[in-house]
Amino acid sequence: MVIFFYNVALVTALVAGSPWWLWRMATTQKYREGIWERLGRVPPGLRALVAAQQKAGNRLIWLHAVSVGEVLAVSRLVGEMDRAFPAQQVVISTTTRTGQMLAMERFGAERVFYCPLDLPWAVRAYLKALHPDLLILAETEFWPNLLQGCFRREIPVAVVNARISDRSWPRYQMLRRLWRPILGCLTRVLAQSEIDADRLRALGCRPDAVSVAGNLKFDVRAVQQAEVTRLLQPAALQLLVAGSTLEGEEAALLEAWPRLLQAHTGLAMVLAPRHPERFDGVASLLDRSSVPWVRRSAWKAIPPDPQNPLRPGEILLLDTIGELASVYSLATVAFIGGSLVPAGGHNPLEPAQFGVPIVMGPHYANFRAITDDLTAHDGIRFAAPEEFARVLVDLLTNRTQAKTMGDRARHVFEQQAGATGRSVEAIRQLVNRESPVTGLSGAIALQSRAK
């Protein structure tokens, strides 16, 4: 009954919003990209891959990672699964265009596809074509039709890196009666923290299905040097790397820039906006600022001076996908975007792995467990907008303090590693199951026994 009303509401919303969606598709490339895949047309290349695997007697695991953050989080997990389960082909779906691009780069285009919209016919087409033995969801991608389709086919569903953020927790609580019958059918849920585990149980996940595996992002390391990192290495400069910035934060950085240069004349900045559709807007902002700057994409056509790629006071606009994590290795100080504005922050672990001192604004609810851990070890600094420039200046001028803080951040990163191994072991138990109790009927049976 819940699914029926959900589908009625979903179709009603799609019909009511169709003029807007049609206009966006007509005017914006990213809304057109992959639209037929999202509506249920399985790509021919994916069909061919599945057919070849079935002919070889291999089974298939479907892993869904929404966007760039989730793709990065599962990068090491996918590699470990490839090694641990040679008889299983892992295929990866994403929702966003940027996630799709990064996943193709990381895992190979032949096994990456757009996740279907949560429409009954679209979900049915993919489940029929893929015949997955296991569906793995990254974080909290709970789509009712996709889950119900798996439950009906007795396909076990596991959730890795599961979390319920502070911001989304009240919304889940309000709808917990709707979520309970769906989440109660999940086969295995690997939470990031005890808080996440408690919240997931409260929403209806079976207590025996939930365990804490840790955060996969603590295991993610920049496995290879990006081209831009190689180009920047000869620069005898200190670098402020501002990553995953959102609207309003670039303006704050430019406002603070003269004060930072006054404190340290040999400073340059790498500025990496979070969303590619904002690259041109940020470029216009830089044009109006009169600060010398260059686009990273321009270096693809005309490489910079090998000895002096950036001059003191210059800003590099990192308008590429997938290079930021590697660039953090060169940072003197890192600013994590999405935190000066009320957006919940982004992941501070990427610079932490390199022992880089980290600065965030006051909004970090999306990564509270990580930031709390870094705070407990004095491995991060927080700054309200009015303190932003002063905190950055302090770390740029007091290098001993900054290095000590960066070392503490790296210690936290290394201390928390291991979630990938625990996740692989849990997945192994599902892959090697002999007489599984899975799907809707299995979950109901388990719930009945618990009573």
9 Å beta-carbon shell around residue 268, net charge (K/R +1, D/E -1): 0
In nm, give the distance between the simple-model label positions of residue 18 and residue 48, each being 7 Å from the Cα along the Cα-to-Cβ direction. 3.5 nm
Backbone N within segment 348-368 under 19 Å of label point (7 Å from residue 259 Cα along the Cβ vector): 358-363
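Work out how much length residue 58 to residue 152 would gain on full extension: take 0.36 nm times their residue separation and subtract the Cα-Cα distance, in nm to one decimal.
Separation in residues times 0.36 nm, less the Cα-Cα distance, equals 31.6 nm.
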For the Cα atoms of the chain, what angle does the longest principal axis make with the long axis of helix 249-263, in degrees from 0 to 90, nearest 10? 30 degrees
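At a Förster distance of 25 Å, what's the computed FRET efficiency of residue 41 paired with residue 275, Cβ-Cβ distance as r, to 0.05? Could you put the intermediate results ahead of the total?
Numbers: r = 27 Å, r/R0 = 1.07.
Computed FRET efficiency for residue 41 and residue 275: 0.40.
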Rough spin-label spacing in nm, given labels placed 7 Å along Cα→Cβ, for residue 376 and residue 236: 4.4 nm
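Within 10 Å of each candidate Cβ there may be at most 16 other Cβ atoms; applying that plus a DSSP loop requirement, which trypsin sites (Lys or Arg not before Pro) in segment 1-79 survive? Walk me through the intermediate numbers first.
On the way: sites: 24, 30, 32, 38, 41, 47, 55, 59, 76; in loops: 41.
Taking segment 1-79 and a limit of 16 other Cβ atoms within 10 Å, the loop trypsin sites (Lys or Arg not before Pro) found are 41.
Accessible area per residue, 1.4 Å probe, Å², for segment 108-170: what's the number?
With the other protein chains kept in place, segment 108-170 gives 32 Å² per residue.
Within the chain, what whole-number % of the accessible surface is contributed by carbon and sulfur, with the 1.4 Å probe and all protein chains included in the calculation?
Values: 11000 of 19980 Å².
Taking all protein chains in place, the chain shows 55 percent carbon and sulfur surface.
Return one whole number: the accessible area per residue of segment 1-73 in Å², for a 1.4 Å probe. Each step should come with its number before you reach the end.
Working: 4260 Å² over 73 residues.
Result: 58 Å² per residue.
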For the pairs 30/300; 30/55; 217/403, flag any whose C-alpha to C-alpha distance is greater than 28 Å. 30/55
With the 8 Å Cα cutoff and a minimum separation of six or more residues, the chain has a relative contact order in percent of 14 percent
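Rounding to the nearest 20 debye, state how big the charge dipole of the chain is about its Cα centre with +1 on each Lys and Arg Cβ and -1 on each Asp and Glu Cβ. Please report the intermediate quantities before stating the final value.
On the way: 50 positive and 41 negative charges, 298 e Å.
That gives the chain a dipole magnitude of about 1440 debye.
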Return the calculated 222 nm mean residue ellipticity for the chain, to the nearest 500 deg cm²/dmol, obtained by summing -39500 (n - 2.57) across DSSP H runs with n ≥ 4 and dividing by the residue count. -14500 deg cm²/dmol
Between residue 89 and residues 5 or more places away or on another chain, the pairs with built amide H atoms under 5 Å apart involve 59, 60, 61
Reported label for calculated Cα extents along the principal axes in Å given (1) 66, 56, 41; (2) 67, 47, 45; (3) 66, 57, 49: (2)
Gain on full stretching of the segment that runs from residue 3 to residue 403 - 0.36 nm per residue minus C-alpha separation: 138.6 nm
FRET E, pair residue 33, residue 432, Förster distance 45 Å, beta-carbon r, rounded to 0.05: 0.75
With just the Cα atoms defining each centre, how far is segment 349-397 from segment 292-334? Give it in Å. 22 Å
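Can you give the net charge of the other residues whose Cβ lies under 9 Å from the Cβ of residue 430, counting K and R as +1 and D and E as -1?
Working: positive: 188, 428, 433; negative: 133.
Computed value for this residue: +2.
The values are calculated or read from the model by the stated rules, or taken from the named source; none is laboratory data. This structure is a prediction, so every number in the text was calculated from the model and none was measured. In this analysis, Cβ positions are derived from the backbone assuming ideal geometry, glycine residues included, and neighbour counts consider all displayed protein chains. The accessibility values were calculated without ligands, DNA or RNA, using every heavy atom of the protein model including side chains. Shrake-Rupley method; radii C 1.70, N 1.55, O 1.52, S 1.80 Å.
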